[in-house]
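Here the structure is laid out as structure tokens; the discussion comes afterwards.
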Amino acid sequence: MVNVDIIKLKLFSTNCYVISSGEECILVDPGSDLLDDIHNIRNAIGEKTLLAIIFTHGHYDHTAGGYCFSENRYLHKADFLLAEEQIDYARVNHNYDLKLSPFLELREGEVNFGDIRLNVVNTPGHTMGSVCIFIEDFILTGDTLFDGVYGRTDVGGNTKLMKETLLMIREKFDPSLKIYPGHGRPSYVKDQLDWLARV
């Protein structure tokens, strides 16, 4: 059984997740390099061994703190270029001192880190490389799906693909799955079915 710790980041109000099993963990979407945010993430990790850092997509509000950790960083390859562009934009326009971290390819299908088993599904729409990550009885949706709304599609995304992704979620995702989104509060797939049917 895995444990989920949610760190609400001050920068961009992004949800960062520490997913742990025993003394090992992975980090999902460390989207801030503010000292307070990094401190809170490290406190959540504690004495656990950090095995990997995973990004649900390439926007800088999900990748910005990735370089603060030395562990391998994984991102869907369709978002590699977007992640570079996003960090360059943030550096120039917002004076964020972000450094580009090299990414390893996060492949679709089953991925194991120690005893933590992930099932990665590409869910394009918010960005072309957006993914949802299944772990046991919950799913990390990044900015693909929130409680009552879906992610914007005007920064590296595609509205048509988003609608196709939302249809796939409605038809194929187990309604009992708990949703941990990239922003906002957790919910369940079953709570989203009514509005998803109207998209």
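Here is how the numbers come out for the structure above:
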quantity	calculated
Estimated vicinal HN-Hα couplings, Hz - the stretch 52-66 in sequence order (Karplus 6.51, -1.76, 1.60; Gly, Pro = x)	6, 10, 10, 10, 6, 5, x, 5, 5, 6, 10, 10, 4, x, x
Simple label model, 7 Å out from Cα along Cβ direction - residue 174 to residue 23, nm	3.0
Helical contribution to [θ] at 222 nm, DSSP H n ≥ 4, -39,500 (n - 2.57), averaged over the chain, rounded to 500	-7000 deg cm²/dmol
Cut-off 13 Å between beta-carbons: net charge of the residues surrounding residue 125, Lys and Arg +1, Asp and Glu -1	-1
Electrostatic dipole magnitude of the stretch 1-97 [Cβ: Lys, Arg +1; Asp, Glu -1; Cα centre; debye, to 20]	100
Assigned charges on the beta-carbon of Lys, Arg, Asp, Glu; the chain dipole about Cα centre (debye)	420
Environment charge of residue 166, counting only residues whose C-beta is closer than 12 Å and scoring Lys/Arg +1, Asp/Glu -1	+3
Gyration tensor (alpha-carbon) shape descriptor, the chain, a/c threshold 1.5	oblate
Cα centroid separation - the stretch 1-25 against the stretch 128-199, whole Å	19
Choice from 111, 28, 121 showing the highest fluctuation, given a GNM over the chain with Cα pairs closer than 10 Å	111
Gain on full stretching of the segment that runs from residue 6 to residue 119 - 0.36 nm per residue minus C-alpha separation	38.7 nm
Radius 12 Å from Cβ of residue 25, net charge of other residues (Lys, Arg +1; Asp, Glu -1)	-4
Subset of 48/160; 48/190; 8/163; 48/172 violating a 31 Å alpha-carbon distance limit	48/160; 48/190; 48/172
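All of the numbers you see were taken from the coordinates with simple rules; none came from a lab. These numbers come from a predicted model, not from an experiment. Don't worry about glycine lacking a Cβ; one is built from the backbone with ideal geometry, like all the others, and counts go over all protein chains shown.
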